[in-house]
Amino acid sequence: MLSASDRRTASSRTSSSADATDPGRRAFLAATLAALASALSGCGAPAPVTKPATPEPPLAVPSLDGLLPLAGLRWVVLVHPHEITSIPWLVPFVGAVISEARFDRFAKGTAVDLRRTPEAVVASYTTNEGDATVEILRHTSDPRAVERAFRDRLSTDTTRAVDRPDLVRVSGKIGRGAHAFAAIGSDVVCFQQAGSIPRGPCRIAALFARGALSRATRAFADPSLRALAERLGPAPARAFALGPFEGELARGARGLLAAATAIGAAARPSAREGILLSIAVAGDFSRTGEAASEELAASWKDLAQGSFGHLLGLDAPVTAPLPTHAPDAVAIAVELDPKKLAKGLADATSNEIDQIMR
């Protein structure tokens, strides 16, 4: 016979066996073990933390001429309008050429006040799709306001692309002409008239600003243009044309341009409140420098004594023209009367300026 203690042990074993074979209890036990395993697994291998994407640094354009491609370039003008309008004695002469009303009209139509523009570049290009003109301005306006003003002028085929938050491109037609626009960073805008929109200079300027097209050559990487820019030095207004010069142009400057690789000019205020004009022709003058310098001086005299030269006051300079020469360039420097120069420019370019300033 079993003792009372043995009977209690047997009863307990029977009960435990019944509990283990009960389906509900088995399901509960399995669920508990699964939850425990899941918790332990989570504690041992924490989920990876995804780092937020690093925002791109704001676009910055150190110099506007760095946005110009070399391919197809015909000529380029670089101006610092605010520097010019900040010289008190120059203001009346600027007003004689471009009136305050014209400045105001341009600001109203584009949301850019040229009088406050630190830097501006205008360039002309010849491409397979036709000639194109591009204007790049460093402005002090809201880029969104400049974009809206451009879009308001478009009549058809308007498209807009956001390459990144601070690089927006817009294109379309004004009348029958194709036009393009790009807002680059917080203070640079680009306008293009005619030519190819998808492959034109405004599109290339936007790509240059992003650091793309690393193999494409920029305008002032050209040896002749770079040498002329260094020779002329910084100035409120500079202009350059790239050779080779053909046809009527090749006969310019008494034939000097036929062998020239580029020509440049710079205008700056002089200490006597005159306009110091420097003109340089780049080319191989290692053997003919002195003779070429004399030809350049003679060609200046031809220009000054002509009707156009008389209109600009070139025939009555403040100082006589001074020719110089080097193995890679010939040059001439002359100081002009700003009053005569401004009146002549106003008379000669009034219609063209009116078109530009609309």
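Just checking, does the range 205-213 include any residue being within 30 Å of Val91 (Cα to Cα) and not acidic (Asp, Glu)? Spell out how you get there, then give the answer.
Our first condition is that a residue be within 30 Å of Val91 (Cα to Cα); within the range 205-213, this holds for none.
No, the range 205-213 contains no residue that is within 30 Å of Val91 (Cα to Cα) and not acidic (Asp, Glu).
Under the condition of being farther than 25 Å from Ala292 by Cβ and either not small (Gly, Ala, Ser) or not assigned by TED's automatic domain parsing to the domain that holds Gly274 (or both), the residues counted in the range 308-344 number 9.
Please tell me if Arg226 is under 21 Å from the mean Cα position of the chain (by Cα), in the same structural domain as Val330 (by TED's automatic domain parsing) and among the charged types (D, E, K, R). If you could, list the steps in order and put the result at the bottom.
Values: under 21 Å from the mean Cα position of the chain (by Cα): yes; in the same structural domain as Val330 (by TED's automatic domain parsing): yes; among the charged types (D, E, K, R): yes.
When the stated conditions are applied, Arg226 passes them.
Here Ser278 does not qualify as over 26 Å from Val121 (Cα atoms) and either of a type in the set (Gly, Ala, Ser) or within 31 Å of the chain's Cα centre (by Cα) (or both). Would you pick out the residues in the range 157-204 that are of a type in the set (Asp, Glu), in contact with a Gly (Cβ under 6 Å, 6 or more places away or on another chain) and under 23 Å from Ser63 (Cβ atoms)? If the condition is that a residue be of a type in the set (Asp, Glu), in contact with a Gly (Cβ under 6 Å, 6 or more places away or on another chain) and under 23 Å from Ser63 (Cβ atoms), then Asp166 is the only one that fits. Considering the range 171-203, the residues that are surrounded by fewer than 19 Cβ atoms within 10 Å (Cβ to Cβ), closer than 16 Å to Val112 by Cβ and of a type outside the set (D, E, K, R) include one that is farthest from the chain's Cα centre (by Cα), namely Gln193. Kindly indicate whether Val146 is closer than 28 Å to Leu311 by Cβ and free of Cβ contacts under 8 Å to residues at least 60 places away in the same chain. When the stated conditions are applied, Val146 does not pass them.
Every residue, every condition in (1) touching a strand residue (DSSP E or B) at 6+ places or on another chain (Cβ under 7 Å); (2) assigned to a helix (DSSP H, G or I); (3) in the same structural domain as Glu119 (by TED's automatic domain parsing); (4) under 25 Å from Ala120 (Cα atoms), yes or no:
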site: Ala205; (1), (2), (3), (4): yes, yes, yes, yes
site: Gly211; (1), (2), (3), (4): no, no, yes, yes
site: Ser214; (1), (2), (3), (4): no, no, yes, yes
site: Arg231; (1), (2), (3), (4): yes, yes, no, yes
site: Ala235; (1), (2), (3), (4): yes, no, no, yes
site: Pro244; (1), (2), (3), (4): no, no, no, no
site: Ala258; (1), (2), (3), (4): no, yes, no, no
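The residue list Val112, Val121 contains one member that is touching a residue at least 40 places away in the same chain (Cβ under 8 Å), of a type in the set (A, V, I, L, M) and part of a loop (DSSP other than H, G, I, E, B), which is Val112.
Taken together, the residues in the range 231-277 that are of a type in the set (Ser, Thr, Tyr), surrounded by fewer than 18 Cβ atoms within 10 Å (Cβ to Cβ) and under 18 Å from Arg74 (Cβ atoms) amount to 0.
The values are calculated or read from the model by the stated rules, or taken from the named source; none is laboratory data. Model, not experiment: these values are computed from the prediction. Reconstructed Cβ throughout: ideal geometry from the backbone, glycine too, with neighbour counts over all protein chains shown.
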